[in-house]
Amino acid sequence: MSSSSNKLKLEIEPEIRAMAPDYLARRKQELLVIKNCLSTNKIDEVRQLAHQWKGHAASFGFPELGTIAARLEAAAAARDMVQSKALTDDLERSLDAAFRAILV
Amino acid sequence: MKRILAIEDCDESLVLIRSALGPLYDIKHCPNGQEARAVLGNASDHPDLLLLDISLPDGDGLKLLSLLRTEDLLKELPVIVVSGHADIANKVTAFSLGAEDFIAKPFHPTELRARIEARLRRAELAQQAKLQQLSCGNVSIDIERQHAYTGQDPRVVVDLTPKEFRLLCALIRANGRILTREQLLQDAWGEGTHVVDRAIDTHISRLRGKLRGALVQIEAVPGQGYRICAITPEPVDEQQQQQAKA
């Protein structure tokens with residue numbers, strides 16, 4: 001799955017690009033939900049949310065987020081809490097980087 | 001305007017779909033299978049194309065696809081599966097159930113639009129081919145010659161005005177589906193025409209008159225519109241036939 005995220009190289013249309021700040025803001029909110037699910041052992045919800053991120057992040061111009069989300073989905077499906085937490089931290093770092101990139 | 005029904009539970013995917021297709025299509029949305037079945041159960045609400053996610057909150061999109069294919073009026077509806085569960089097994093199952101295409105998430109909005117356009121073009125060509133041999137009951141239509149006939153051998157030309165001809169084509173093409181007055185207006189008068197809805201009733205009434213004796217019935221469905229269906233010929237009473245001969 002991660003390879004398909006990376007393959008999405010065709011330029012993102014301006015209409016989609018204009019939605020990026022709102023999209024990232026919604027991800028920031030959802031990241032809190034993921035963290036909360038991890039702290040309450042709701043691993044299936046984490047898997048479901050990661051699956052959704054994997055499915056749309058690259059389309060909005062953030063393939064890196066999609067790649068990490070795919071790995072998080074796999075870790076959550078394997079019920080690997082340690083790996084899931086580590087990948088959620090990666091997701092947060094990638095999200096912050098994406099925010100900084102669109103501000104430039 | 002072509003109508004697309006997106007059965008999709010992910011808000012962000014829906015944002016992408018709407019953005020990709022924008023004002024080119026009339027996009028309706030159902031967040032789960034149950035709502036989708038309710039919408040698709042209404043014949044006058046049928047879309048021209050379905051975008052179907054596999055993982056729906058109330059079940060499997062592929063099961064829904066398999067159910068839809070058992071419905072006579074939905075057998076030929078073009079379906080594009082759009083899913084993040086893009087493994088070979090799901091793709092093969094989707095195609096074997098009659099999906100026209102499978103788009104893996106993440107998708108590029110431009111590619112989504114291109115694939116939808118391609119599917120709709122193909123569906124339209126297939127529809128045009130079908131139009132060449134339209135028939136219902138003992139009424140048949142020759143699109144090329146713009147003639148409607150009743151009977152088989154010999155065929156009798158029914159003298160119709162161009163609008164009546166277009167109305168008859170639309171009704172027969174709908175294959176028993178109810179068409180709203182708005183849909184009939186669009187077919188017979190063209191898009192963007194403003195005519196009083198009741199004008200349809202007048203033309204339908206004339207059409208019925210001209211098809212009197214043919215083995216079809218144009219039925220008014222209160223509050224919904226019109227549909228055409230074939231009727232079986234009444235059994236011939238031998239006694240009556242002999243009396244008529246005498």
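The values are calculated or read from the model by the stated rules, or taken from the named source; none is laboratory data. Source: prediction; values computed, not measured. Methodologically, a virtual Cβ is constructed for each residue, glycine included, from the backbone with ideal geometry; neighbour enumeration extends over all protein chains shown.
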(message) Can you pull out every residue in the stretch B:196-246 that is loosely packed, with under 15 Cβ neighbours inside 10 Å, of a type in the set (Ser, Thr, Tyr) and modelled with pLDDT of 90 or more?
(response) B:Thr202, B:Ser205
(message) away from chain A (no Cβ under 14 Å), among the basic types (Lys, Arg), in contact (Cβ under 8 Å) with a residue 60 or more places away in the chain and within 30 Å of B:Gln183 (Cα to Cα): which single residue out of B:Arg69, B:Arg119, B:Arg113 fits that description?
(response) B:Arg119
(message) Taking the conditions exactly as written (crowded, with 19+ Cβ neighbours inside 10 Å and part of a helix (DSSP H, G or I)), does A:Gln83 satisfy them or not?
(response) no
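Considering only the stretch B:10-93, give the strands (runs of 3 or more DSSP E) lying wholly within it that have at least 1 residues that are farther than 28 Å from A:Ile16 by Cβ.
In the stretch B:10-93, there are no strands (runs of 3 or more DSSP E) which contain 1 or more residues that are farther than 28 Å from A:Ile16 by Cβ.
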(request) Answer yes or no as to whether A:Arg71 is within 12 Å of chain B (Cβ to nearest Cβ) and either touching a residue at least 12 places away in the same chain (Cβ under 8 Å) or among the hydroxyl-bearing types (Ser, Thr, Tyr) (or both). (result) no
(request) Kindly list the number of the only condition in (1) within 14 Å of another protein chain (Cβ to nearest Cβ); (2) within 22 Å of B:Leu14 (Cβ to Cβ) that fails for A:Ile34. (result) (1)
